1. Above 21 Å lies some portion of the pair distances; for the chain, what is it as a whole percent of all C-alpha pairs?
2. Among all lysine pairs in the chain that are eight or more places apart or on different chains, how many have alpha carbons less than 19 angstrom apart?
3. List the relative contact order of the chain as a percent without decimals, with contacts defined as Cα pairs under 8 Å and 6+ residues apart.
4. Give the list, by residue number, of cysteines in the chain with no other Cys Cβ closer than 4.7 Å, or say none.
5. For the chain, what proportion of DSSP beta bridges, expressed in % and rounded to the nearest 5, is antiparallel?
6. Amide H to amide H under 5 Å from residue 108: which residues, 5+ apart in sequence or cross-chain, H placed 1.01 Å off N in plane?
7. Expressed as an acute angle from 0 to 90° and rounded to the nearest 10, what is the orientation of the C-alpha long axis of helix 2-12 relative to the principal long axis of the chain?
Amino acid sequence: MLAAAAIALSLLGKAPSPGRFLAVDAHRHRVTITLIASYNGTNGGFNFDGYSRYLMWTVPRSWTVRVVCQNRGPLRHSCAVVKDAGATRPAFRGAETPQPRIGIEAGHTERFTFRANKKGVYRFACLVAGHELARMWDVLEIVPRGKPSVVDLQAGR
């Protein structure tokens with residue numbers, strides 16, 4: 001019984017399949033991406049959906065992207081799309097939660113929507129001081145065409 005409890009506890013810390021955080025409306029060229037800040041204890045809780053640095057989201061250029069940013073952890077966190085490490089301004093108009101350097105309170109959710117109008121490689125990052133430096137970011141690539149996807153770069157899934 002003790003062994004079963006230990007196995008169950010170890011599974012709580014694992015990140016789920018990244019695909020469950022992506023909803024696609026191909027007909028309307030819209031995608032909804034859910035980022036759960038501090039999903040679990042991975043990387044000391046500085047993660048999105050249980051990943052830090054290893055999720056890569058792809059979205060076709062000109063699609064509308066809706067981001068749902070939930071804060072599951074005890075600290076304040078935010079979600080923003082930035083061009084480079086350490087950037088403090090969003091890469092796209094409106095591509096950040098309100099007051100991204102202050103963050104969202106624990107247990108709260110914010111949303112934002114932007115148009116993916118520039119090809120390139122960006123980051124989903126937490127802009128609360130020190131959080132991106134603690135590796136609380138993932139990759140967003142705006143591609144010329146195709147359909148939205150998400151992969152775990154470490155596992156290749």
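Where a number appears in this text, it was derived from the coordinates with a stated rule and is not lab data. No experiment lies behind these values; they were computed from the predicted model shown. So basically every Cβ, Gly included, is an ideal-geometry build from the backbone, and we count neighbours across all protein chains shown.
1. Numbers: 5089 of 12246 pairs.
Value for the chain: 42 percent of Cα pairs lie more than 21 Å apart.
2. The number of close lysine pairs in the chain is 4.
3. Across the chain, relative contact order equals 27 percent.
4. So, 126.
5. 70 percent
6. 71
7. Value to nearest ten degrees: 10.
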